[in-house]
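Comments concern the structure below.
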Amino acid sequence: MRKARLWITVYLLLNTLLIGELQSQSIASQIAQVENNLAGRLILNGKPYNLQDRMRHYHVKGLSIAVINNYQMVWAKGYGWANEKEQRPVTTNTLFKPGSISKTLNALGVLKLVQEKQLSLDKDINEYLTSWKFPYDSLSKGKKINLAHLLSHTGGLSVYGGFPGYSPNDTLPTIPEILDGKAPANTPAVRSLFEPGLQFQYSGGGTIISQLILTENSHQSYEKFMYNRVLKPLGMLNSFYSSAPPSKQVFNKIATGYTKNGDTVAATFRVYPEQAPLGLWTTPTELAKYLIETQLSYKGRSSKLLNQEMTRLHLTPFIDQSAAMGVFTLDKNGERYFFHDAANEGFRGMFYGSLDGGNGVIVFVNSDDGDIILELLASVAKVYDWKGFDKPQNINTIQIADSVAAKYVGTYLYDGVLAEVTKKQDGLYYWTQGQDVKMYFTSEKDFVNMEFLAEKSFLTNLNGMVTGFARKVNGKEFSPAQKLVSLDTIKTNEGQLNSYAWHLIETKRFQAAIPYLQRAMVLEPQDISAQLNLAHAYLWNQDFQKAVSVYQSYLATNNMDSSLLKKNILQDFEYFEKMGFDKTLMEKIIVELKLKS
C-alpha cells in the first residue's frame, strides 16, 4: 500500500513537472512567433519582420512588452538597453515614462471618488475648485464644464499637450499658474476654444484641472493620492507619479529616453508639475494589472478599485464615438477594444485590451519613434488569434531606376498639409506630419508606406513632368496632392509651414527653410514660433546679423514675458547642441542677446 502511494505521489509530481515543462515550451514558442511576425498592415514580398531587426531599423534602444491572454499575463520580456552607455539592459522591472497613459489612471482616481459620492461627473467643475476657478467666457456659450468632459476631452478646452517640463533648478509654477499661463509657467493658459459638450478636442490642459480637483478634494499631494487610492489597490506597487527627477533609489531602474536618431534626451530628468497628463512611471508588467482588473470588473468579476458600473463608464464613449473617460475605444469588425497611446519626449507606449475574452498587450520603448509598437501589436494579435484584426496584406515591390526616382523628389501639398519626397541611400522617403517613412513601389508610379493607409500614384503632364500624386484609401479616391512650384500663392493649414520649415532645419537645409518661414509669418503673424525658427534658420545659414535682428524682434513680442522667450531660445539651443549644431554660433547669440545673466 505504501509503495502504491509512493508511486502515485511520484507519478503526480512527474506529471506536474511535465505539464509545467510543456506550458513553458508552449509560451517560449509563442514568444518566438511574436518576435518573428512583426508587420504593419502590409507584408512586403511575403517576409514579416524580426523584432531585433525592427529595433535596429527604428533606432530603438530598449523595449518592454507584456502580453495578456484569457485574463492572465502569460509572458513579459525586455529587449535592448535601458541605458546604452551604461550597458544596462531593459528588464521587466525597468521603469518607463509612458506620457499620456498617465491620463488613464488619473481618470480612475476621479471615478473612484465619484463612486464614493465625493464627486459628481455632471456638476460644474468650479464647485470643486477652491484655489482657482475656471474663467468662463463667451466661447463657452453659457454652458458649464464637468468632470465627464475633462476625462473624455469634450470640454472644448485648449492646451493639447506636449508639456516641455522644467529644469530641476527652475522655479516651478503652481498648478493655478500653469492653468493661467502665468510665469514661471511655460505653456499657454487653459481656456475655452468652444462650448463644452460639442465635440472631442484633446486637452492635456483639461486633465490638469482634474489633477487640481483631486488634490483639493482629497487634501493630499497628487502623487500620494494616486499611489494610495489607485496604484496600490491595483497591485502596481512599483509604479508612481512624480513631479521631480528620478530619485537615487530608482535611478538605476529607469529607462533613459532617446531621440529618433539615438541621442539621449534631457527630458528624462526634467521636472513635470503636470503629473496627471504625463507624470506616471511604470512598467508593462505593472500596467497589465490595470488591464486585467479593468477587463474583469467590466464583466462584474472583480472590484479591487471600481465596481462594474464605474468601469463600464470608464470604457464607454462620451459624446465622441471613440473617446471614453480616460481611454479610447475601437470597434474592429464587431470586436471592441480599449486603448491609450503615449508620447513623452524620449518615450513612446501603448496598451491595447479587449472588452471580451481577456486579451491585451502593453509595449513601451525609450525612443521618440513608436512605429515598432503597432507592428508588435499586429504580431501579438496574429499569434493569439485576436478577433476583429485584419490580416496584413502581402504586396510585391519593385526597384525603380534612379532617373525615375529623381523626378519624384520635391515638396507636395494635399488638403492643406505639406509632404516631401527625398532621396536617401536606401531609396525614396516620404515625409509628412513629422513622420519620415520609406516608400515601397509596386510599379514605376505606384507606391505605399507601411505607416499610412493611402495608396499613392504619381501624376505627370503631357511633357512627363511630375505634377503631384493621386491618393486612394480602401478604394475611395481623395483629392490629389500637388507638387509645389511656387510659395507665393501657397495656402496651408495652420502651423504647416512652420512645421515643415522646422523639419528642414532639423535636416540642415537652412536656406530652404527661410522662404517657408517668411511665408508663414505673412499668413500667420500671430505664430511667434515661426519668427523664432526664422531666426534659427538665418543663424545656421551663417547670416548672423539677420539672425540677431529677428531674435530681437521675437524677444520684443508684445504681452509676452521676455524671460520666458529667452528660455524658449535656450531650450532650442539645448536641442540643437544635441543634434550636433555649431555650439560657437549659439554662444555668440547668447552673449549678443544677453540670454544668460
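All of the numbers you see were taken from the coordinates with simple rules; none came from a lab. Remember, predicted model here, so these are calculated numbers, not experimental data. Note that we place each Cβ from the backbone using ideal geometry, even for glycine, and neighbour counts take in every protein chain shown.
The calculated P(r) of segment 101-383, using every Cα pair and 10 Å bins from 0, goes 7, 29, 37, 23, 5, 0 in percent. Candidate cross-link partners of Lys112 among the aspartates and glutamates, defined by an alpha-carbon separation under 12 Å and a same-chain spacing of 8 or more, comprise Glu309. Which whole-angstrom value gives the distance between the alpha carbon centres of segment 317-337 and segment 538-597? Segment 317-337 and segment 538-597 have Cα centres spaced 44 Å from each other.
Please identify the trypsin sites (Lys or Arg not before Pro) of segment 439-505 that satisfy two criteria: DSSP loop assignment and at most 13 other Cβ atoms within 10 Å. Which are they?
Of the trypsin sites (Lys or Arg not before Pro), the ones in loops of segment 439-505 whose Cβ has at most 13 other Cβ atoms within 10 Å are Lys491.
When the Cα centres of segment 137-179 and segment 60-126 are compared, how far apart do they sit, in Å? Going from one Cα centre to the other spans 22 Å. Spin-label model, Gln199/Met465: points 7 Å from Cα along the beta carbon direction are separated by 3.8 nm.
So what is the 222 nm mean residue ellipticity for the chain from helices alone, if each DSSP H run of at least 4 adds -39500 (n - 2.57) and you divide by all residues, rounding to the nearest 500 deg cm²/dmol?
Details: 18 runs with 212 residues, N = 597.
Taking each H run of at least 4 residues, the total per residue is -11000 deg cm²/dmol.
Across segment 576-597, the residues whose backbone nitrogen lies under 17 Å from the label position 7 Å along the beta-carbon direction of Phe544 are 582-595. Each Cα pair under 8 Å and six or more residues apart adds its sequence gap; the mean of these over the residue count of segment 497-597 is a relative contact order of 19 percent.
Computed FRET efficiency, Cβ-Cβ of Glu587 and Thr489, R0 45 Å: what is it to the nearest 0.05? Intermediate results must be reported in sequence, preceding the final value.
Values: r = 40 Å, r/R0 = 0.89.
Efficiency, rounded to the nearest 0.05: 0.65.
For the chain, a simple Cβ point-charge model (Lys and Arg +1, Asp and Glu -1, everything else neutral) yields a dipole of about 1460 debye relative to the Cα centre.
Could you point to the residue in Phe269, Phe328, Leu237 farthest towards the positive end of the chain's charge dipole, with +1 and -1 charges on the Cβ of Lys/Arg and Asp/Glu respectively? Of the candidates, Leu237 comes out farthest on the positive side. Using C-alpha pairs below 8 Å separated by at least 6 residues, the relative contact order for segment 159-208 is 43 percent.
Where does each of 520-531, 264-275 land if you order them by average Cβ count within 10 Å, highest first?
Numbers: 520-531: 16.7, 264-275: 19.8.
So the order, starting with the most tightly packed, is 264-275, 520-531.
Among the trypsin sites (Lys or Arg not before Pro) in segment 61-99, those located in a DSSP loop and surrounded by at most 16 other Cβ atoms within 10 Å of their own Cβ are Lys85. Normalising the average separation of contacting C-alpha pairs (under 8 angstrom, six or more residues apart) by the number of residues puts the relative contact order of segment 101-383 at 20 percent. Loop-located trypsin sites (Lys or Arg not before Pro) across segment 502-548 with a Cβ neighbour count of 16 or fewer within 10 Å are Lys508, Arg509, with loop assigned by DSSP. Ordering Leu462, Ala405, Gly434 by the projection of their Cα atoms onto the charge dipole of segment 402-483, which places +1 on the Cβ of Lys and Arg and -1 on the Cβ of Asp and Glu, puts Leu462 at the extreme positive end.
Where the centre of each part is set by its Cα atoms, how far does segment 437-494 sit from segment 368-408, in angstrom? If we compute the Cα centre of each part, the gap is 19 Å. Peptides 582-588, 568-574 ordered by packing proxy, namely the average of other Cβ atoms within 10 Å per residue, highest first: 568-574, 582-588.
Calculate, in nm to one decimal, what Asn261 and Gln518 gain on full extension: separation in residues at 0.36 nm each, minus their alpha carbon distance. Mind showing how you got there, number by number?
On the way: separation 257, 0.36 × 257 = 92.52 nm, distance 2.84 nm.
So the chain would gain 89.7 nm between Asn261 and Gln518.
Obtain the radius of gyration and the Kirkwood radius of the chain from its C-alpha atoms and give Rg over Rh. Display every interim value, and only then the final one.
Numbers: Rg = 26.1 Å, Rh = 26.3 Å.
Dividing the radius of gyration by the Kirkwood radius yields 0.99.
Antiparallel beta bridges, as assigned by DSSP with both residues in the chain, represent about 95 percent of the total such bridges. With a Cα cut-off of under 25 Å and a minimum spacing of 8 residues unless on different chains, the lysine pairs in segment 402-483 number 28. Quick one, what does Rg over Rh come out to for segment 496-593 if you take C-alpha atoms and the Kirkwood Rh? Taking Rh as the inverse mean 1/r over Cα pairs, Rg/Rh reads 0.93.
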